[in-house]
1. How much net charge surrounds Gly333 when only the other residues with a Cβ under 13 Å from the Cβ of Gly333 are counted, with Lys and Arg +1 and Asp and Glu -1?
2. If you compute P(r) over Cα pairs in 20 Å bins from 0, in percent for the structure shown, which of [x] 30, 57, 13, 0; [y] 29, 60, 11; [z] 26, 47, 24, 3 do you land on?
3. Just the number, please: percent antiparallel of the DSSP beta bridges in the chain, rounded to the nearest 5.
4. Around Val271, under 12 Å between beta carbons, what's the net of Lys plus Arg minus Asp minus Glu among the other residues?
5. Given the alpha-carbon gyration tensor of region 218-334, what are the semi-axes of its equivalent ellipsoid in whole angstrom, ordered largest first, with each equal to the square root of 5 times an eigenvalue?
6. Can you run phi through the Karplus equation (6.51, -1.76, 1.60; θ = phi - 60°) for region 195-209 and list ³J(HN,Hα) in whole Hz, with x for Gly and Pro?
7. Could you give the size of the charge dipole of region 194-324 about its Cα centre, using +1 on the Cβ of each K and R and -1 on the Cβ of each D and E, expressed in debye and rounded to the nearest 20?
8. If Lys and Arg each add +1 and Asp and Glu each add -1, what is the summed charge of the other residues whose beta carbon sits under 10 Å from the beta carbon of Ala108?
Amino acid sequence: MARMDIGRLTEFAAGALERSGMPAEDAATVATILVRTSARGSTTHGVGRLGLYVSWIEAGSVNPHAKVRCSHDGGAVCALDGDRGLGHLVADKATRTAVARAREYGIAAVAVRHSSHLGALGHYALTAAEAGLAALAWTNTPQVMQAPGGRGRLIGNGPMAYGFPRQPVPIVFDSAMSVVSGSRVGMAAERGAAVPLGWLVDSQGTPTTDATSYRQGGALVGIGEHKGFGLALMSELLAGVMTGAAMLSEVPQFAAGMSTAPNIGHFFVMVRPDAFIPPSQLADRVERFAAELKSAPGIASHETLRLPGERSHDREERAQTDGLEIEAADLAGLVRLADRLDCAPLLAAARR
């Protein structure tokens, strides 16, 4: 475990991406997203994955010089072509496009194709909520999840996120439709640890605690059985089918050195709340809404209900003040990457 300075760790991540061929401004955007994601507690989708993304650039599946462009402009609706760019960069552009158009039209929808893994989907819902908009976001993924009664991987796990403006902490929710992410199962396998029963089935569809079975044809289990499957199906329809992106078996499995462009799709909907209700009324109603929820008694006398996004906000504030804790396995990967890209001094400078 190591503690890192947020600003200097971001400089290191940006430097690593620049050395991989990404322009400085784009590298800074991606680095900021990765580090902020880690700071908010989503370590499986944060800066620890930097080496994976660099390997995609080096293998040619991701274009470090991507020029995201509008392929269809319908005013409040827009289709973007990500030009095989890294998903964080493409999704950031899509989010900002949707925010701008929602401010103009009251509501906006942006569809994206030719992208790649965008990290934590909730980051983009948070960005919109911080800009004062209500947001919904979906992305498609490789086939990682079973269908109820089925065997093997049939569908992506349908990540979705929403954000809603609230001061000082926006309400933000981010979840895949599987009980747990494939990243957490992979981390357990790397550490030789078992996973809880109910997370995973093996290649024959039998529930298992063996994390290594996931890489041997196993599949993630959906939340709420048919309910999780149905919601994952919606994510695939919106972000995969409707965008013109890859679908189902067309999406390659994410792995280090992946050489096939994944053509991941995303779909964002943004709404300007003051198109429906005056801002002062909205703020008052949101606070009354939150106050009633948070007044519910906790299990222990000192506990209170936390709204989605509050714990992540608190983690980020602590990381800004005290530094970001990086787990040993993630740190080892960053050290190897820093040595290989000749930017070890940048990583060393980030240690607190």
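Here, each number is a calculation from the coordinates, and none is a lab measurement. All values derive from a computational prediction rather than experimental measurement. Cβ sites come from the backbone with ideal geometry, for glycine too, and all protein chains shown count toward neighbours.
1. Values: positive: Arg49, Arg336, Arg340; negative: Glu190, Glu327, Asp330, Asp339.
Local charge sum for Gly333: -1.
2. Here P(r) over Cα pairs in 20 Å bins from 0, in percent agrees with entry [y].
3. 85
4. That sum, taken over residues with Cβ under 12 Å, equals +2.
5. They are 35, 26, 18 Å, listed largest first.
6. With the stated coefficients, region 195-209 comes to 10, x, 4, x, 7, 8, 10, 7, 5, 9, x, 8, x, 8, 9 Hz.
7. 100
8. Around Ala108, the charge tally is +2.
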